[in-house]
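A short worksheet on the structure shown next.
The values are calculated or read from the model by the stated rules, or taken from the named source; none is laboratory data. Every value quoted in this text rests on a predicted model; they were computed, and no experiment measured them. Positions of Cβ are backbone-derived with ideal geometry, glycine not excepted, and every protein chain shown enters the neighbour counts.
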Amino acid sequence: MVAHSALPARRAVLIAQITDIHVGFGPSGGGVEEPNLVRFRAALERLVEGPNRPDWLVLSGDITEHGDAASFATAAALVAECGIPVLPLVGNHDDRASLVAAFPRVVLAGGGFLHHVTDAGMGLRIICLDTLEPGRHGGAFCEARARWLAERLAEAPDTPTLVFMHHPPVISGIDWMDPAPDEQWIARLAAVLEGQKQVLALHCGHLHRQIGTSFAGIPLGVTPSVAPQASLDLTGIDPALPDGRALITAEPPAYALHRWDGQSLVTHYEVVGNWPVLARFDAGLQDMIEGMFEERG
Ligand SMILES: [Fe+2]
Ligand SMILES: [Fe+2]
């Protein structure tokens, strides 16, 4: 790695979002580490050893494949090595009790749901939502959860707020992963969020592929997975007709980095890999960089 004489970063809160790790899936043993753990470790190493060490790490669900205590303990131990405060959410593959056991700073909110609110710094509030209905692949957002969210939003109507949840409440076009357009939990969530101007963005996981859209008038992003991605195929699917299409592809792990500077929220995405560097800020490119700064005045 090249040491660069960087000025201190401009003051901002950095929130990394890692999603859909699925610890506990795939072959391991005999000295071979399971593939999703290799991918998870690579993403965490990038956060810790790269130039953008985050202030917070959101794990937006499907942390494990089977929701078992051993897989959660493995995930929690790897995260603890990083020393970055973690905000974990449940996905449809997870189990609330096992998550709480592995991340003891997380407590269940009223109603037994795994929601939490965090003051992220520089006036930003983070709300993490529980969209799990055990046994169901798709999301859920019942009346009790809608009340909880409405109360939290009413507490701080003028505080910029970033909301994380596992299930994206939108149609992506990747047919086999999508909810039905008329699912009641989606309408219930929209009714709570409609007109809540303090909500800067919603960020989700679950889809295993990056998308950007909006929901209830609020920007919505889905962060790609640490586990392999869902293949980009937007043609309709007939569940009764296995047509041999690609469902999952071995694309590299990726994550999101949300940057809040007190004025605006910007989300970056990075594909994790040891990529060749094609240009560096060295003497040969100094004129170009100086020219760009001069242009800025
Ligand atoms: Fe997932
Ligand atoms: Fe999921």
**Message:** Whether any residue in the range 169-176 is within 16 Å of ligand 1 (Cβ to nearest atom) and surrounded by fewer than 16 Cβ atoms within 10 Å (Cβ to Cβ) is what I want to check.
**Reply:** yes
**Asked** How many residues are at pLDDT 85 or above, surrounded by fewer than 20 Cβ atoms within 10 Å (Cβ to Cβ) and among the small types (G, A, S) when one looks only at the range 13-42?
**Response** 1
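What residue, of S214, S225, is surrounded by 12 or more Cβ atoms within 10 Å (Cβ to Cβ), polar (S, T, N, Q), more than 16 Å from ligand 1 (Cβ to nearest atom) and at negative phi?
Values: S225 fails: more than 16 Å from ligand 1 (Cβ to nearest atom).
Being surrounded by 12 or more Cβ atoms within 10 Å (Cβ to Cβ), polar (S, T, N, Q), more than 16 Å from ligand 1 (Cβ to nearest atom) and at negative phi holds for just one of S214, S225, which is S214.
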**Complete:** Within the range 256-293, restricting to residues that are of a type in the set (D, E, K, R) and part of a loop (DSSP other than H, G, I, E, B), the one that is surrounded by the most Cβ atoms within 10 Å (Cβ to Cβ) is D261
**Complete:** D62 vs (1) assigned to a loop (DSSP other than H, G, I, E, B); (2) touching a Leu at 6+ places or on another chain (Cβ under 6 Å): all pass except (2)
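Out of E81, E151, E155, E65, I need the residue that is under 19 Å from the mean Cα position of the chain (by Cα) and of a type outside the set (G, A, S). Which one? Don't jump to the end; show me each part of the working.
Working: E81 fails: under 19 Å from the mean Cα position of the chain (by Cα); E151 fails: under 19 Å from the mean Cα position of the chain (by Cα); E155 fails: under 19 Å from the mean Cα position of the chain (by Cα).
Among E81, E151, E155, E65, only E65 is under 19 Å from the mean Cα position of the chain (by Cα) and of a type outside the set (G, A, S).
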**Asked** Tally time: how many residues in the range 128-174 are within 16 Å of ligand 2 (Cβ to nearest atom) and of a type in the set (D, E, K, R)?
**Response** 3
**Message:** Here are the criteria: (1) farther than 25 Å from R152 by Cα; (2) outside any loop (DSSP other than H, G, I, E, B). Tell me which single one R53 does not satisfy.
**Reply:** (2)
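Given the residues A80, A154, which is the only one that is under 29 Å from W185 (Cα atoms) and surrounded by fewer than 16 Cβ atoms within 10 Å (Cβ to Cβ)?
Values: A80 fails: under 29 Å from W185 (Cα atoms).
Selected residue: A154, the only one of A80, A154 that is under 29 Å from W185 (Cα atoms) and surrounded by fewer than 16 Cβ atoms within 10 Å (Cβ to Cβ).
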